[in-house]
Amino acid sequence: MPPGGLNTERSLLQRRKSLTTTLQAMIDGLIVLGTVYYAFFNAQGFLSTLDAVFIITLLAIMGVTYDQMGIYRQFGGLIRSARKLFFAWSVSFAITLLIFIMAQYFDQFSRPVLSAIFMIAFAGQLANRWLLITFRMQTALANEDRNNVLLIGGGPLVKHLFDNINGNPWLQEKAIGRIRTCAKNDDVEMPVPVLGNRDDIIGVVRDNNVRTVYIAVALENSQLVEQLYLELANENIDIHWVPNIFTLDLINHSVKEMAGLPLLTLSESPLIGNHLLFKAVEDKILGIFALILLSPLMLIISVMIKLDSPGPVFFRQSRTGWNGKEFHIWKFRSMKMHQVENDEVKQATKDDDRITRIGRFIRKSSIDELPQLFNVLGGKMSMVGPRPHAIEHNTDYDKRIRAYMTRHRIKPGITGLAQINGYRGETDTLDKMKKRVEFDMQYINNWSFWLDLEILLKTIPALLRDEAY
């Protein structure tokens, strides 16, 4: 490599693999292999070429799916691990079946045999986890020879590292405490033992036989990393840098690689690649189904609005959508025709005299939102997502709420996480809007089909509350 050049031949993103996780993955594969082989052989007395292709396909898809979902990279207790395993196994099995359905070979398999394979293989993998977790935790309790780990820094990130290192039975590490630096927030009290200050690092490492150091400092103190690395390099220990980026309002953050270089993604829409396609398909299917189901109700409401007060049935207004682009949202008109004063859009309030008789009912029940199904089918909105606000409201709140506009990194929705948690309708205080934005950020950072489904199911009871006017 030339002086000052970049060596991009070796990938900088390396996964930490332990012998236990490798063994776990191998046993899972053997469980699935043995289950499928026995089920097919027991049912027909032989293993056909098609059966062998099924086994290979299932194991290959299982390997990719488990890797993508981090089945062997994270530990969150047996119950959480069981939920993740069930989802990953279900996806792997479903994709495999879909491939054989499309290839028109599915009819050659016995439905009861496939059902038995799914249940027995999952039970076997779950038992594998339980046995390994039990064995590993007992070993960890009995083994005092785990590598001592020293944390450098302070704040919530150090506390997070301390708890997760000591609470993960797969790691052969034990966090013994932290070193204070002169950095901001290092003196904040937290239940992590303080073993010394900046000048005591080498002594603490040697006296406690520390084998690994995690440097966790805030962004403004990143210059410490080079100094600490040069001090610790001669101690022949493992040194990890954990950049504390969590003081920022992160949006769908991740670690990637480009041209051999690591990228810390601080803000990115979750609707990229296959996620964008998946979300679009979800919206189209659910949107069409909802429109067909609710069209009689929408027709009745249209007639009632027309009879109740003069004016159009629908109300159209500019809103801020995905990535900050404006679009026109459609709603049933719920107010009397009136002039907007000084171009200011005023939120509806309780006992607002602008609201019509039918308007009060459809606003309280959120029926006025149903025409937004056309926005969903047009691709401007989603069934689930942050509620789109009026342009004027966005301009106002952007000045008063930190990172407010980041809520537009995903398509706006007819319902959302904030709405099912009680932040629906009028936001008459700044604190209420801040809470709504917090839930919007939580949704963006944790988006999945299952979260969308959960929100949709919880929307109906949320409509019975009295937040909307």
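Rule-based calculations on the coordinates, nothing more; no lab input. No experiment lies behind these values; they were computed from the predicted model shown. Cβ: placed from backbone, ideal geometry, glycine included. Neighbour counts: every protein chain shown.
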Next on the checklist: List the pairs from LYS399/LYS432; LYS336/LYS364; LYS284/LYS380; LYS331/LYS364; LYS284/LYS325; LYS325/LYS411 whose alpha-carbon separation is above 19 Å, in the order I gave them.
Outcome noted: LYS284/LYS325
Checklist entry - What is the extension gain from GLU392 to TRP450, computed as 0.36 nm multiplied by their sequence separation minus the C-alpha to C-alpha distance, in nm to one decimal? => result 17.6 nm
Checklist entry - In nm, to one decimal, how far is the TYR229 label point from the ILE292 one, both placed 7 Å along Cα→Cβ? => result 5.9
Next on the checklist: Restricted to Cα positions, what overall size does the range 352-446 have along the principal axes? Three whole-Å values, descending.
Outcome noted: 38, 31, 24
Checklist entry - What FRET efficiency do you get for LEU277 and PHE135 if R0 is 45 Å and r is their Cβ-Cβ distance, rounded to the nearest 0.05? => result 0.60
Item to check | Amide H partners (placed H, <5 Å) of GLY413, local residues excluded | outcome: SER382, GLY385, ARG387
Checklist outcome for this item: The answer for the per residue Cα convex hull volume of the range 147-247, in Å³, is 89
Next on the checklist: Please list, ordered by chain and number, the residues whose modelled amide H lies under 5 Å from the amide H of LEU263; skip anything fewer than 5 residues away on the same chain.
Outcome noted: LYS256, GLU257, MET258
Next on the checklist: Could you give the length gained by full extension between MET102 and SER309, i.e. 0.36 nm per residue of separation minus their alpha carbon distance, to one decimal place?
Outcome noted: 69.1 nm
Checklist entry - Relative to the compact globular guide of 2.2 N^0.38 Å, what is the alpha carbon radius of gyration of the range 19-142, as a ratio? => result 1.12
Checklist entry - In what sequence, highest mean first, do 385-398, 38-51, 84-97 appear when ranked by Cβ atoms within 10 angstrom? => result 385-398, 84-97, 38-51
Checklist outcome for this item: Here the range 196-205 yields Karplus 3J(HN,Hα) values (6.51, -1.76, 1.60; θ = phi - 60°; whole Hz; Gly and Pro given as x) of x, 10, 3, 7, 9, 4, 4, x, 5, 4
Next on the checklist: Starting from 0.36 nm per residue, how many nanometres of slack lie between GLU268 and LYS256 once their C-alpha separation is accounted for?
Outcome noted: 3.1 nm
Checklist outcome for this item: Rounded to 0.05, the calculated FRET efficiency for the beta carbons of MET119 and MET26 at R₀ = 22 Å is 0.50
